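Here's the structure, in structure tokens; my notes come after.
The values are calculated or read from the model by the stated rules, or taken from the named source; none is laboratory data. As the structure is a computational prediction, the values presented were derived from the model and not from experiment. Cβ placement follows ideal geometry from the backbone for every residue including glycine, while neighbour counts extend to all protein chains displayed. Please note that ligands, DNA and RNA were not included when accessible areas were found on the heavy atoms of the full protein model with its side chains. Shrake-Rupley method; radii C 1.70, N 1.55, O 1.52, S 1.80 Å.
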Amino acid sequence: MKRLNPFRLIKKTLKWIVVAFFASTILSVVALRFLPVWVTPLMVIRCFQQVSEGRSLKLSHDWEPLENISPSLPVAVMASEDARFLEHHGFDYKAIEHAAKRNREHPEKRKLGASTISQQTVKNVFLWPGRSWTRKGFEAYFTVLIEVLWPKQRIMEVYLNSIEMGEGIYGAQAVAEEHFGKDAKDLTRSECALIAATLPNPRKFSSKSPSAYMLKRQSRILKEMKFVGKFPMK
């Protein structure tokens, strides 16, 4: 009987693992270009955290197509999180350079991030919370995939439907209902700016009962929205 070379077996196994990884990830990204994202890893993790801490289980999330969301909300999140969203291809190198310089010159201050809406969408839908280099590598890979395979409108649609917007609250429709008593399509420009103001830390900051700091951020975002312009909903 011919003896099996263990190194050849390992090489063949690794080859099929790599092929399976690329095939499964590309297929999942293609599928989610058309299918609603009903649940994300972060939603599951937060539910486990609630149970482990003895709190009531809460997961408020309703998928809404982009056309059923106020057109002011994409503008508000761009003004707050990623003003060059329509211009870059997943990574804002100017923002990265600015953040790196600021963090280097002022290490005593809270670190400034440069994560784009595309990157945040990837974090919410495909990955787990964390800051390891492995996770960053996956983040870069999936960011390239969605930028290639999804139009900007789809990235924004998934982002607005999956992002955490409060304790147990995910997406535009859920926060509109819980904090403003209305549908996402009826949110005013001011309300959209207030929601966007909470996004750096939606579990700490609330759009339902905003602090003076939140109102100040809301005012700044409203001013910056004038320079962002309209978001192409189609």
Long-range HN-HN contacts of S60 with modeled amide H, under 5 Å: I169, Y170
Just the number, please: carbon plus sulfur as a percent of the accessible area of the chain, 1.4 Å probe, no ligands or DNA/RNA counted. 61 percent
note: region 105-234, Cα-Cα separations exceeding 18 Å make up a percent value of 61 percent
Distance in nm between T188 and T25 label points, each 7 Å along Cα→Cβ, equals 4.5 nm
Kirkwood Rh over alpha-carbon pairs of the chain plugged into Stokes-Einstein at 20 °C, 1.002 mPa s gives a D in µm²/s of 111 µm²/s
If one compares the long axis through the Cα atoms of helix 41-52 with the longest principal axis of the Cα atoms of the chain, the angle in degrees, nearest 10, works out at 80 degrees
Between the Cα axis of helix 6-31 and the main Cα principal axis of the chain, the angle (0 to 90°, nearest 10) is 30 degrees
Can you give me the angle between helix 93-105 and the longest principal axis of the chain, using Cα atoms only, in degrees from 0 to 90, rounded to the nearest 10? 80 degrees
Could you pull out the trypsin sites (Lys or Arg not before Pro) across region 171-216 that fall in loop regions by DSSP (anything but H, G, I, E, B) with no more than 11 other Cβ atoms inside 10 Å? K204
Keeping every protein chain present and rolling a 1.4 Å probe, give me the accessible area per residue for the chain in Å². 59 Å²
Assigning unit charges at the beta carbon (Lys, Arg +1; Asp, Glu -1) and nothing else, what dipole magnitude in debye, to the nearest 20, does the chain show about its Cα centre? 1180 debye
